[in-house]
Amino acid sequence: MSSEGVSTNAPTPWSDARAEGAAPPRKTADLAKFLPIVGPVVLVLIWDLVVRFGLIKAILLPPPTDTIITLISGLLGGPLLFDFWVTLYRTLVAFGIAVVLGMPLGIALGSNERAYRSVEFVIDFFRSTPASALIPLFLLIFGTSDINKIAIACFGAWLLVVFNCAYGVINARKQRIAAAKVMGASRWQIFKDVLVWESLQASFVGLRSAVSMALVIVVVAEMFIGSESGLGHKIINAQQVMNTKMMYAAIMSAGILGYALNVAFLAIERKIVHWSGR
Amino acid sequence: MTQVINAPMIVDVPRPHFRPGPLGTHITIRGLTKYFAGWPLYENFDLDIPKGKIVSIFGPNGCGKSTLINMISGLIPIDSGEILFDGKSLKDTTIGYVFQNYREALFPWWRTIDNIAYPLKLMGKSKAEVDRRVEELVDSFDVKFDLNRYPYELSGGQQQTASIMRALAPNPEVLFLDEPFSALDFEMTLFIREKLQEVFIKTQTTMMLVSHDLEEAVYLADQILLLTKRPTSIADILSYDDPRPRTTATLSEASFIATKKKSLEIFQREVRK
């Protein structure tokens, strides 16, 4: 134990801080692995029973097996795949533009409190306005093109990015800024070595909500007249012709897309903001 | 020849003559004034901090011990007054600062070693110079933990050790320590206290230590600066000259006990006022 050999000749202070909190006993861990599956399995079971006993008309709620087969075959090169990619493409383009335009602005606003206070109301107001309420306005401006869907989704996502980045900079730990200052860092050095890093945690919260927001708006925009592609379009189309199997499959594809985006962003966040929550 | 007789004269009010401190003074504080929410915390405060000594600051709650070193180190702006380091301003002085809360002092986005090297990089040192200095610090601190880890992967004592290494990296003329042991357990406190004394014996760096633990304050100090309640002034400055390295045996020396007792008496007198 004394291999650490510090002059206090006590190993405890130098013990590995990561080693604390031993793993729980193996058996419970094995069982715990299956806990997340319980919810979906129960849900599908209830769904199946409801259909089997005819509690809801089959035309309104198709059996889960049919729906899931439609979903899987649809996504594996079937009719859903193209719409899935189109929606993903629109969401990511809208999100990408929002980040490129929003992050620098948010960080700049956050590091200048007076500038932020002067636009705070405008940002808060539009942030609180449901972005879908603006879709008709954007239809007027951009028409029913692809650009319209991307523009409106981009606007909604952009507000979230700006707000959260600014918020992250404003709430940077004062002591870290003080530490840099006392070491003789200039304003620019404090900005790039402390403020930008400090803001990352809040920024990522913004990025995650922004990508969800972009997806929501893209799907809604795709439901409007004139759309020819996308999951939103698919859902509305299937509903119009009472193809409920396809409608549920398309809804679930949108769910899969949203969930996958969230998981992907969480993974990226954990990689980049590795100190988060520690 | 036309000449205005008795022309109005504009005379600057002469600034009060700067009174230098006694020989061996490092930091001279003159006419320091600081108001908080309309109330004076410091008013026309004068102080001389000797060079190459450790000064412990002790006083009642809220008297502005930390504020004092924060003003000297430039973290809190002063309302008026003058603070000089060997006659220079803060701008031309290299200082180090150790915070109480090490968790929010180090930068978790960089590895510990990059944290320690940061002040050297700020000074524009070359990579070779930075590496050499960091290695020197690692040797003198006898570091046994992995500096390539991130700060949050280290224990509290390791993090505070890294903080002190970072503060000492640029060979500061003055080292400020704001309750550096308060967030540590007893074992770590002892360890870092000894390290600090070692560094001091080796480098004779002027240190200002804020402490709420009288024993610790006296143990490390050459001078104990006792402050009054606000508006803060100097209650007394006690010298304590037992030789270094001081050890646990020092704690039972008559001179140590006497200094501690005297400090406590002054402190209690000030608290009761």
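Simple point charges give the picture: +1 on the Cβ of Lys and Arg, -1 on the Cβ of Asp and Glu, and for the protein assembly as shown a dipole about the Cα centre of about 760 debye. With the highest mean first, a sort of the peptides B:138-146, B:190-198, B:163-171, A:249-257 on other beta-carbon atoms found within 10 angstrom per residue produces B:163-171, A:249-257, B:190-198, B:138-146.
Taking a ≥ b ≥ c as the square roots of the eigenvalues of the alpha-carbon gyration tensor, chain A is classed oblate because a/c is 1.5 or more while a/b is no larger than b/c.
Largest first, the three principal axis extents of the alpha carbons in region A:97-215 are 56, 23, 19 Å in whole numbers.
Helices assigned as whole DSSP H runs in chain A whose Cα atoms extend at least 18 Å along their own long axis and whose mean Kyte-Doolittle hydropathy is 0.5 or higher are found at A:35-52, A:79-111, A:146-170, A:196-222, A:244-272. Converting phi to 3J(HN,Hα) with the Karplus coefficients 6.51, -1.76 and 1.60 and the offset θ = phi - 60°, region B:74-88 yields x, 7, 10, x, 9, 6, 7, x, 9, 10, 10, 10, 6, x, 9 Hz in sequence order, with x at every glycine or proline. In straight-distance terms, cross-link reach from residue A:149 covers every one of the lysines whose alpha-carbon lies under 30 Å from its own, apart from those fewer than eight places away in the same chain; here that gives A:234, A:245. Per residue of peptide B:157-163, the mean number of Cβ atoms on other chains within 10 Å of the residue Cβ is 2. Among B:210-219, A:70-79, the peptide with the highest mean count of other Cβ atoms within 10 Å heads the list, and the full ranking is B:210-219, A:70-79. Reducing region A:118-136 and region B:229-273 to their Cα centroids gives an inter-centroid distance of 62 Å.
Cross-link pairs exceeding 30 Å between alpha carbons, from the set B:65/B:262; B:34/B:88; B:34/B:127; B:202/B:273: B:34/B:127; B:202/B:273.
Would you list which lysines come within 30 Å of residue A:33, measuring only between C-alpha atoms, while excluding same-chain residues fewer than 8 positions from it? Correct list for residue A:33: A:271. Could you give the angle, 0 to 90 degrees to the nearest 10, between helix B:186-203's Cα long axis and the longest principal axis of the Cα atoms of chain B? With both axes taken from Cα atoms, the answer is about 60 degrees. Each eigenvalue of the Cα gyration tensor of region A:46-148, multiplied by 5 and square-rooted, gives one semi-axis; in descending order these are 42, 19, 15 Å. For residue B:98, the residues 5 or more places off, or on other chains, whose built amide H falls under 5 Å of its own are B:176, B:177, B:178.
Contact order for chain A, expressed relative to its length and based on alpha carbon pairs under 8 Å spaced 6+ residues apart, stands at 23 percent. A cut-off under 14 angstrom between Cβ atoms defines the neighbours of residue A:186, and their net charge, with Lys, Arg +1 and Asp, Glu -1, is +4. Label reach from residue A:58 (point 7 Å along Cα→C-beta): in region A:237-256, amide nitrogens under 18 Å belong to A:242-249. Quick check: the angle from helix B:127-141's long axis to the longest principal axis of chain B, C-alpha only, nearest 10 degrees? Roughly 70 degrees between the two axes. In a simple Cβ point-charge model (Lys, Arg +1; Asp, Glu -1; nothing else charged), region B:54-193 has a dipole of about 240 debye relative to its Cα centre. Placing unit charges on the Cβ atoms only, positive for Lys and Arg and negative for Asp and Glu, gives chain A a dipole magnitude near 480 debye about its Cα centre. Distance between the pseudo-spin-label points of residue A:82 and residue A:120 (7 Å out from Cα toward the beta carbon): 5.0 nm. Tell me the mean residue ellipticity at 222 nm calculated for chain A from its helices only (DSSP H runs of n ≥ 4, each -39500 (n - 2.57), averaged over every residue, nearest 500). Helix contribution divided over all residues of chain A: -24000 deg cm²/dmol. Net charge in the neighbourhood of residue A:235 (other residues with Cβ under 11 Å of its Cβ; Lys, Arg +1, Asp, Glu -1) is -1. In summary, the aspartates and glutamates within cross-link reach of residue A:181, defined as a Cα separation below 18 angstrom excluding same-chain residues under 8 places away, comprise A:193, A:198, B:92, B:104, B:114, B:173, B:178. Give me the one-decimal nm value for the distance between modelled label points at residue B:213 and residue A:192, 7 Å along each residue's Cα-to-Cβ direction. Here the modelled spin labels are 4.1 nm apart.
Output the 0 to 90 degree angle, nearest 10, between the alpha-carbon long axis of helix B:254-272 and the longest principal axis computed from the alpha carbons of chain B. Taking the Cα atoms of chain B, the angle to B:254-272 is about 50 degrees. Each Cα pair under 8 Å and six or more residues apart adds its sequence gap; the mean of these over the residue count of region B:15-163 is a relative contact order of 20 percent.
Every read-out reported here was derived from the displayed coordinates using simple, explicitly stated rules and does not represent laboratory data. Quick caveat, the model's predicted, so the values are computed rather than measured. Neighbour counts are summed over all protein chains in view; Cβ atoms, including those assigned to glycine, are modelled from backbone coordinates with ideal geometry.
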